[in-house]
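The values are calculated or read from the model by the stated rules, or taken from the named source; none is laboratory data. None of these values were measured; they are calculated from a predicted model. Cβ sites come from the backbone with ideal geometry, for glycine too, and all protein chains shown count toward neighbours. For accessibility, only protein heavy atoms count, side chains too; no ligands or nucleic acids. Shrake-Rupley method; radii C 1.70, N 1.55, O 1.52, S 1.80 Å.
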Amino acid sequence: LPGRFPNLLINGSNGIAVGLTTSILPHNPHEAIDAVIARIKNPEITVDELMKIMPCPDFPTGGYIINSPEIKASYETGRGKLINRAKTHFEPLKNGKTNIVITEFPYQVNKASTLEKILGLVQTKKAQFSGISDIRDESDRTGLRAVIELKKDVDPMQVLSVLYKYSDLQVTFGVNMVAIAEGRPVQMGVKAMLSYYIDHQK
């Protein structure tokens, strides 16, 4: 249906149809619209120049996207893998303990099941998770807050890196930008996607 803003880039799309898969990640509305305007003003704009306006996808649930050459590759070719990581910080306590506090989870990751999975990892009694003493969900109307309490003299950075490896506090998203162009499915980079959108508007 005719879109008055670059909906495919802003809301993204994910699915399978007639044996073809697509995975277009969501983007910031301001950045995507500014990228369209920049492409109109300069049809020869490069991917590097576009990335100064729209540096990477933007997940509605927050978290971080790890900066890597894969972002540029996915924008150039329409294919790549991006790492989305939970937003965390450390809270030192008076008794010498430290809390790992999670305030944003990766895109499409369920908070309750992730905390349950971490609890399951702790219960396996593997050495990597022995430093975790308690897991609490302290979310309320002011916002999301999950707390992983550590034992005394445990290195929080080490525990966090193990959690990134074994739990959904870090997830990988495959980018496969396939969309219908001129009546057929085409894998395209961001420049091509913006061009087809501008032609459609004209």
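Could you state how much accessible area E91 has, in square angstrom rounded to the nearest 10, with a 1.4 Å probe and all protein chains kept in place?
Answer for E91: close to 50 Å² accessible.
Any idea of I71's accessible area? Nearest 10 Å², probe 1.4 Å.
Surface accessible to solvent at I71 totals approximately 10 Å².
In degrees, nearest 10, range 0 to 90: what is the angle between the Cα axis of helix 156-166 and the longest Cα principal axis of the chain?
On a 0 to 90 degree scale, this one is about 60.
222 nm [θ] for the chain, helices only, -39500 (n - 2.57) per DSSP H run of 4+, per residue, to 500?
After summing the helix terms and dividing by the residues of the chain, the value is -10000 deg cm²/dmol.
So how exposed is H27, as accessible area in Å² (1.4 Å probe, rounded to 10)?
Looks like 10 Å² after rounding.
Given H placed 1.01 Å from N in the peptide plane, which residues other than close sequence neighbours of I135 have an amide H under 5 Å from its amide H?
E149
Mark the label point 7 Å from the Cα of K117 along Cα→Cβ and return the residues of the stretch 47-90 whose backbone N is within less than 20 Å of it.
59-66, 81-89
Would you mind checking which residues have amide H under 5 Å from T98's amide H? H placed 1.01 Å from N; only 5 or more apart, or other chain.
L93, L150
Treat each spin label as a single point 7 Å out from the Cα along the C-beta direction, and report the T77 to T142 distance in nm.
4.7
With +1 on the Cβ of every Lys and Arg and -1 on the Cβ of every Asp and Glu, and nothing else charged, how large is the dipole of the stretch 91-149 about its Cα centre, in debye rounded to the nearest 20?
I would put it at about 180 debye.
In degrees, nearest 10, range 0 to 90: what is the angle between the Cα axis of helix 111-123 and the longest Cα principal axis of the chain?
With both axes taken from Cα atoms, the answer is about 40 degrees.
For the chain, what is the charge dipole size about the Cα centre, in debye to the nearest 20, if Lys and Arg each add +1 at the Cβ and Asp and Glu each add -1 at the Cβ?
300
Can you give me the angle between helix 29-41 and the longest principal axis of the chain, using Cα atoms only, in degrees from 0 to 90, rounded to the nearest 10?
30
What does the charge count near Y64 come to, summing +1 for each Lys or Arg and -1 for each Asp or Glu among other residues with Cβ under 12 Å from its Cβ?
Summing Lys/Arg as +1 and Asp/Glu as -1 gives 0.
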